[in-house]
Amino acid sequence: MLTHSQAAKEFNKDESRVDWHDKAIWHLRQNRDLGVNKIPNWQQLRETASEIKLNVLSHLDTYLEEFEKMALSNGVHVHWALDGDEHNKIVKDILEKHSVQKLVKSKSMLTEECNLNPYLEKYSIEIVDTDLGERIIQLAKEKPSHITAPAIHKKKEEIDQLFQKMLGTPPSNGDAQFLVNAARTDLRKKFLNADAAITGVNFAIAESGGFVVCTNEGNADLGVHLAPVHIACMGIEKIIPKLEHLGVFLRLLARSANGQSITSYSSHFFKPRKGQEMHIVIVDNGRSKQLASEDFRNSLKCIRCGACMNTCPIYRRSGGHSYGSTIPGPIGSILSPNIDLKKYSSLPFASTLCGSCTDVCPVKIDIHSQLYKWRQIIMKEHPNRVKQMAMKTNQKVFEHPRLYNIVGIVMRRAIKLLPKSILYNKLNIWGKQRDLPNAPKKSFKEWYNERS
Amino acid sequence: MKVGLFIPCYIDQFYPQVGVATLELLEKLGVNIYYPKNQTCCGQPMANSGFECYSKDTCKLFIKNFREYDYVVTPSGSCAYHVRHHYNIIEQNENVTHLRKNTFELCDFIANVMETLHLDASLHKKVGLHQSCHGLRGLKLGQGSELVSEPHSIAESLLLKVQGLELVSLNRKDECCGFGGTFAITEEAISIKMGKDRLTDHIKNGVEIITATDMSCLMHLEGISKRNNLPIEVKHIAEILNSQC
Ligand code: SF4
């Protein structure tokens, strides 16, 4: 796997594409700003949401059991999965029991995380993602590059080409309306023929055993209302205690994502309709490990709005795929090391620690502080030798004022006297596309000593 | 009031004029300012790279150098932030807690400790303010554009006191420049792209001089600007607040 910086370098080979990508995603951030500025007590709303989630995380066991009890009493089947494999097996068993051949799914990053699609395809089950963005990347055989806008890395013209190839549509010159209609026509058939529907869960309400799925396209509803089996997959952290808390999160979620005051569909599911079967699969997959770690626990407050991606100057200029993880961007960079520290060890360094993610986050996750903490752990467990040597040298120099003074003089002389060809050698990465600062004759300290 | 001046390592070595401007400015404002000569660095380069463990003695040296002062002032939001927020890795004795509370970025010190209203400075130029992130979001020297409340910025309000200075508004008023310490090396491609984009924003809006509370951001921007012969200069905010032209 490429490190983030290698992948980012690749992505940056096409500068005009980087500009286009940055602008498209910055647009989401700008809309978010317009949306949130309409709410004068935005900061208070964030604080409330954060406190609700902190309460949930410190009583997660109790709330989960309450949720299970209520859901069971509503006639819903509840399953517990320790990891992705267990989750996939549970889903497959339910599907097999109902002889499901065709399945529609509405956006669920969790099933993405568990790699459900390839798993079910092995059992010859046709699985169709029904969110437009998800459908596009499914047809393109790619991974999502963003959690709320999974195909944001694709231009309209590219989608046009893709649809021509995969759906047999005539060329439309990237006409968005035409492409949406084409996808809709194709998906309608899939909805009508589906034997089961899978959805994600945005919020699961402990006191009622109900859960809420937020979409803008209504595809979750259409899938669920047509199919005889509904399977909802959720991470253990999706719980909120009471229905009255829902309003707080619904106000924050869509505004943070793209400035909409609320998602077009915020659908509540309580119990199966007559003749339908409803299942909930509750998945851990590393979350309880994150919960156990004090430094990283509150990353589980995340409501997956994507705002930290949209605001991140690195994400916008490297694209979601450069992170190589299911969840990209700042939040992905603090969640992924918990899953595989070595594999994702470059992610916490894919940041300038500018802190914009922390301030934009609707549930007040201290993302940049956690990035800093991961860095310390990663360099202990999997130190980068070159960096380590450099930092050890720094350590020596900065601990000894006299040595520091001498090194300073030598370095400034070198910059002044060495020919450019030597100064800007291959190892001087700073100088590849940047000039070094001019070396002054005297340091401030030398100047000060002379003055006094 | 006894105030210690901390000049970050890279300013000491590469931008002594920023140290001079800071010192002169504080002296002009009547501050009793001292410069302890055994100072080196705040420890940030190691810590941000994941080697906090190698920075402990550097932090201790900082404390030793400045423990006798009521305040420490530094022309760097980033270093002040580091002392305040990341000096939790050494033993928290009285000196450490005192300095963690009382280490100030220059503008913050002028506006909030001295509460100075009058600055005798002038500069007849179009200036763009680069809001260095650690100062803006870390030390809250202003209102980041992510938050919803009254916009304000300490650096901006000081710049507005400089005679003849025209403060230019930007399209993205507080996006990061892409320096980020070792990030500038390990993520070179993105670092450069971020820097270029910041420069373009300033240049397009007619800025002649970019200023900031952190010279590290400006060193990065200057490096890219010089390489590409861009028509823009950089000056640390201390130089502007101390200028008479
Ligand atoms: S970390 Fe915060 S900003 Fe990022 S996706 Fe989660 S809730 Fe949204």
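Only a single item in (1) within 14 Å of chain B (Cβ to nearest Cβ); (2) farther than 24 Å from A:THR215 by Cα is not met by A:GLY286, and it is number (1).
Which of the residues that make up region B:142-169 are part of a loop (DSSP other than H, G, I, E, B), within 14 Å of chain A (Cβ to nearest Cβ) and touching a strand residue (DSSP E or B) at 6+ places or on another chain (Cβ under 9 Å)?
At the first step, the residues of region B:142-169 found to be part of a loop (DSSP other than H, G, I, E, B) are B:143-152, B:160-162, B:164-165, B:168-169.
Within this subset, residues satisfying the condition of being within 14 Å of chain A (Cβ to nearest Cβ) are B:143-151.
Passing the criteria: B:GLN143, B:PRO151.
Can you spot a residue in region A:374-382 that is surrounded by 23 or more Cβ atoms within 10 Å (Cβ to Cβ) and without any contact (Cβ under 8 Å) to a residue 12 or more places away in the chain? Taking every residue of region A:374-382 in turn, at least one turns out to be surrounded by 23 or more Cβ atoms within 10 Å (Cβ to Cβ) and without any contact (Cβ under 8 Å) to a residue 12 or more places away in the chain. Is it fair to say A:ARG375 is of a type in the set (D, E, K, R) and more than 8 Å from chain B (Cβ to nearest Cβ)? No.
Scanning region A:95-111 for residues that are crowded, with 20+ Cβ neighbours inside 10 Å and modelled with pLDDT of 95 or more returns A:LEU95, A:VAL100, A:LEU103, A:VAL104, A:LYS105, A:LEU110, A:THR111. All of A:GLN395, A:GLN388 fail the test of being surrounded by fewer than 20 Cβ atoms within 10 Å (Cβ to Cβ), away from the ligand (no atom under 16 Å from the Cβ) and over 24 Å from A:ASN310 (Cα atoms), apart from A:GLN388. Would you call A:LYS289 in a helix (DSSP H, G or I) and either closer than 18 Å to A:GLU86 by Cβ or more than 10 Å from the ligand (Cβ to nearest atom) (or both)? Criteria met by A:LYS289.
Every residue, every condition in (1) of a type in the set (A, V, I, L, M); (2) within 8 Å of chain A (Cβ to nearest Cβ); (3) part of a loop (DSSP other than H, G, I, E, B), yes or no:
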position: B:GLY135; (1), (2), (3): no, no, no
position: B:ASN171; (1), (2), (3): no, no, yes
position: B:ILE185; (1), (2), (3): yes, yes, no
position: B:ALA189; (1), (2), (3): yes, yes, no
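The number of residues in region A:1-23 being surrounded by fewer than 16 Cβ atoms within 10 Å (Cβ to Cβ) and closer than 25 Å to A:CYS361 by Cβ comes to 1.
Residues checked against (1) free of Cβ contacts under 8 Å to residues at least 12 places away in the same chain; (2) facing chain B (nearest Cβ under 10 Å):
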residue	(1), (2)
A:CYS357	no, yes
A:VAL360	no, yes
A:GLN370	no, no
A:LYS420	yes, no
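Specify the residue that is farthest from B:GLY77 (Cα to Cα); the eligible residues are those in region B:203-240 that are charged (D, E, K, R) and at the interface with chain A (Cβ under 9 Å from one of its Cβ atoms). My answer is B:ARG227. Is it true that some residue in region A:185-199 is touching a helix residue (DSSP H, G or I) at 6+ places or on another chain (Cβ under 9 Å) and part of a loop (DSSP other than H, G, I, E, B)? Yes, region A:185-199 contains at least one residue that is touching a helix residue (DSSP H, G or I) at 6+ places or on another chain (Cβ under 9 Å) and part of a loop (DSSP other than H, G, I, E, B).
Is it fair to say A:PHE398 is free of Cβ contacts under 8 Å to residues at least 60 places away in the same chain, at the interface with chain B (Cβ under 7 Å from one of its Cβ atoms) and of a type in the set (Phe, Trp, Tyr)?
Here the answer is yes, as A:PHE398 does meet what is asked.
Scanning region A:262-286 for residues that are within 21 Å of the chain's Cα centre (by Cα) and in a loop (DSSP other than H, G, I, E, B) turns up A:ILE262, A:THR263, A:ASP284, A:ASN285, A:GLY286. On the basis of being farther than 30 Å from B:SER191 by Cα and more than 16 Å from the ligand (Cβ to nearest atom), does A:GLN276 make the cut? For A:GLN276, the condition - farther than 30 Å from B:SER191 by Cα and more than 16 Å from the ligand (Cβ to nearest atom) - is met. Selection within region B:19-44: residues that are surrounded by fewer than 22 Cβ atoms within 10 Å (Cβ to Cβ) and touching a strand residue (DSSP E or B) at 6+ places or on another chain (Cβ under 9 Å). The member of this set that is nearest to the other protein chains (Cβ to nearest Cβ) is B:TYR35.
Among the helices (runs of 4 or more DSSP H) confined to region A:37-133, the ones with at least 1 residues that are farther than 23 Å from A:LEU222 by Cβ, within 14 Å of another protein chain (Cβ to nearest Cβ) and out of contact with any Phe, Trp or Tyr (no Cβ under 6 Å at 6 or more places or on another chain) are located at A:42-58.
The values are calculated or read from the model by the stated rules, or taken from the named source; none is laboratory data. Here the structure is a predicted model, which means the values were calculated and not measured. Cβ atoms come from the backbone with ideal geometry, glycine included; neighbour counts cover every protein chain shown.
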